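Beneath this line is the structure, given in structure tokens, with notes to follow.
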Amino acid sequence: MNAKKAEKISKALGDPNRLIIIQEIRKKGDPLYCCDIDNVLNLAQPSICHHMKLLTDTEIVISEKQGRNVRYTLNDKLLDEYIDFLKCLKKD
């Protein structure tokens, strides 16, 4: 992973609402639907859409359209790469 990608991921993870969304996806065990997010966060629908767009644009979350619904899953491979990148910054 390059530094620019890690920077984008770090910025996306820098918001408490997005962290809550990620935790909820993990807790639920994938997938999470938009209506589930609405039940967890006390935010207006446009705000939720904004957060989900940032998470999907950075590829932290993968979205998949199913009829009228969108389901969200975590991109574990990307999260592992990000964690490895951060570990490389640590002095042994």
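Here are some notes:
- Residues of the range 51-92 that turn out to be modelled with pLDDT of 90 or more and either polar (S, T, N, Q) or within 12 Å of the chain's Cα centre (by Cα) (or both), as a count: 20
- Any pair with Cβ under 7 angstrom, 6 or more apart, that starts in the range 4-21 at a residue that is over 16 Å from Thr73 (Cα atoms) and ends at one that is surrounded by fewer than 14 Cβ atoms within 10 Å (Cβ to Cβ) and not charged (D, E, K, R): none
- Residue tally, condition part of a helix (DSSP H, G or I), among the hydrophobic types (A, V, I, L, M, F, W, C) and free of Cβ contacts under 8 Å to residues at least 12 places away in the same chain, over the range 42-57: 1
- When the range 1-22 is filtered for residues that are within 26 Å of Gly67 (Cα to Cα) and out of contact with any helix residue (DSSP H, G or I) (no Cβ under 7 Å at 6 or more places or on another chain), only Ile22 remains.
- Considered as a group, the residues in the range 18-27 that are surrounded by fewer than 17 Cβ atoms within 10 Å (Cβ to Cβ) and either closer than 20 Å to Thr58 by Cβ or of a type in the set (A, V, I, L, M) (or both) include one that is nearest to the chain's Cα centre (by Cα), and that residue is Leu19.
- For the range 26-60, the set of residues classified as β-branched (Val, Ile, Thr) and touching a Ser or Thr at 6+ places or on another chain (Cβ under 7 Å) consists of Thr56 only.
- Tally of residues being out of contact with any helix residue (DSSP H, G or I) (no Cβ under 9 Å at 6 or more places or on another chain), of a type outside the set (Ser, Thr, Tyr) and not in a helix (DSSP H, G or I) across the range 23-41: 2
- When the range 58-86 is filtered for residues that are in contact (Cβ under 8 Å) with a residue 40 or more places away in the chain and either under 17 Å from Cys35 (Cβ atoms) or part of a helix (DSSP H, G or I) (or both), the ones remaining, listed by number, are Val61, Arg71, Tyr72, Thr73, Leu78, Glu81, Tyr82, Asp84, Phe85, Leu86.
The values are calculated or read from the model by the stated rules, or taken from the named source; none is laboratory data. Because the structure is predicted, anything quoted here is derived from the model rather than measured. Heads up, the Cβs are rebuilt from the backbone with ideal geometry, glycines too, and the neighbour counts pull from every protein chain shown.
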